[in-house]
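Novice: Handing you this structure, nothing more for now.
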Amino acid sequence: MYTIIDVIDKIIDIEKKSLELYEMLKDSPNISGHVKLVAGTFIREETRHIETYNKIKKEIMNKDDIQLDFDVYDNISKIIIDFRKGLTYTEADDVKQLLMSALDFEEKNLALVIRIQGLLVKKKEDTETNSYKALSGIIKEEKKHIDMIKEFLG
């Protein structure tokens, strides 16, 4: 039986991949100190996301309504696989380029989670399930991250 926990694990894997990319950028010898500083900020932010998503998982772990139909889980898995295939690493030469790249990624990531959440809804009552609410928490977190990046961009 598949649950929303399995989906959140896949979302966490995407966050970990993003974290790895920022760590590679921060450790790159060809990158300016300003870019490394911003990459460090994103490392902390992605780490915080992972911790938050693990907390959400823990909170719903033993709830009744976190099971997913196989077809729904299969569709979610397919869109996550497609999303991961599209992830690319671009070395940023300046802070604005890094911020624009991060914003693009985060907006796509938000769209992914919203799309996943949409697959959970077949009837109005589905918006009251713990699975739906867990994804709402993740969406809220992603929106805050996007707002932070937009603020940096001015």
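Novice: With charges only on Cβ, +1 for K and R and -1 for D and E, what is the dipole size of the chain about its Cα centre, in debye, rounded to 20?
Specialist: Numbers: 25 positive and 30 negative charges, 38 e Å.
Dipole magnitude for the chain comes out near 180 debye.
Novice: Moving on to the next point. How much net charge surrounds Ile66 when only the other residues with a Cβ under 11 Å from the Cβ of Ile66 are counted, with Lys and Arg +1 and Asp and Glu -1?
Specialist: Values: positive: Lys57, Lys63, Lys133; negative: Asp6, Glu59, Asp64, Asp65.
After counting each charged neighbour, the total is -1.
Novice: Hey, another quick one. Using protein chains only and a probe of 1.4 angstrom, how many square angstrom of Lys63 are accessible, to the nearest 10?
Specialist: Spelled out: Lys63, probe radius 1.4 Å, area about 90 Å².
Novice: Here's a follow-up. Give, as a single signed number, the net charge of other residues whose beta carbon lies under 14 Å from the beta carbon of Asp147, with Lys and Arg counted +1 and Asp and Glu -1. Don't skip to the end; give the middle numbers.
Specialist: Numbers: positive: Lys140, Lys143, Lys144, Lys150; negative: Glu45, Glu106, Glu107, Glu141, Glu142, Glu151.
Around Asp147, the surrounding residues sum to -2.
Novice: Under 14 Å from a point placed 7 Å out from the Cα of Glu59 along the Cα-to-Cβ direction: which residues of the stretch 1-45 have their backbone N that close?
Specialist: In the stretch 1-45, the label zone of Glu59 (backbone N under 14 Å from the point 7 Å along Cα→Cβ) covers no residue.
Novice: Separate question: For the chain, what is the calculated [θ] at 222 nm in deg cm²/dmol (nearest 500), taking -39500 (n - 2.57) for each run of four or more DSSP H residues and dividing by its residue count? All intermediate terms of the calculation are to be shown ahead of the outcome.
Specialist: Details: 5 runs with 117 residues, N = 154.
Per the formula, -26500 deg cm²/dmol.
Novice: A further question on this structure: Anyone know which of Lys123, Lys78, Lys140 comes out most mobile in the 10 Å Cα GNM of the chain?
Specialist: Fluctuation is largest for Lys123.
Novice: Out of Glu128, Glu106, Glu23, any idea which swings most in a Gaussian network model of the chain, alpha carbons joined below 10 Å?
Specialist: Looking only at Glu128, Glu106, Glu23, the biggest GNM fluctuation is shown by Glu128.
Novice: Right, another one. Along each of its three principal axes, how wide is the spread of alpha-carbon positions in the chain, in whole angstrom units, largest first?
Specialist: 50, 26, 24
Novice: Give me the extension gain from Glu51 to Asn30: residue separation times 0.36 nm, minus the current Cα-Cα distance, reported in nm with one decimal.
Specialist: Working: separation 21, 0.36 × 21 = 7.56 nm, distance 3.03 nm.
Additional length available on full extension: 4.5 nm.
Novice: Quote the accessible area belonging to Ile146 in square angstrom, nearest 10, computed with a 1.4 Å probe and with ligands, DNA and RNA left uncounted.
Specialist: For Ile146, the solvent-accessible surface is approximately 10 Å².
Novice: R0 = 22 Å: FRET efficiency of Lys17 with Leu153, Cβ-based, nearest 0.05?
Specialist: Working: r = 23 Å, r/R0 = 1.05.
Calculated transfer efficiency: 0.45.
Novice: Okay, next question. Round to the nearest 10 and report in Å² the accessible area of His49, as given by a 1.4 Å probe over the protein chains' heavy atoms.
Specialist: Ignoring ligands and nucleic acids, His49 comes out at about 0 Å².
The values are calculated or read from the model by the stated rules, or taken from the named source; none is laboratory data. A quick note: this is a predicted structure, and the numbers were derived from the prediction, not measured. Because the Cβ atoms are built from the backbone with ideal geometry, glycine has one as well, and the counts that use them run over all protein chains shown. When the accessible area is computed, the model is the full protein with side chains, heavy atoms only, and any ligands, DNA or RNA have been set aside. Shrake-Rupley method; radii C 1.70, N 1.55, O 1.52, S 1.80 Å.
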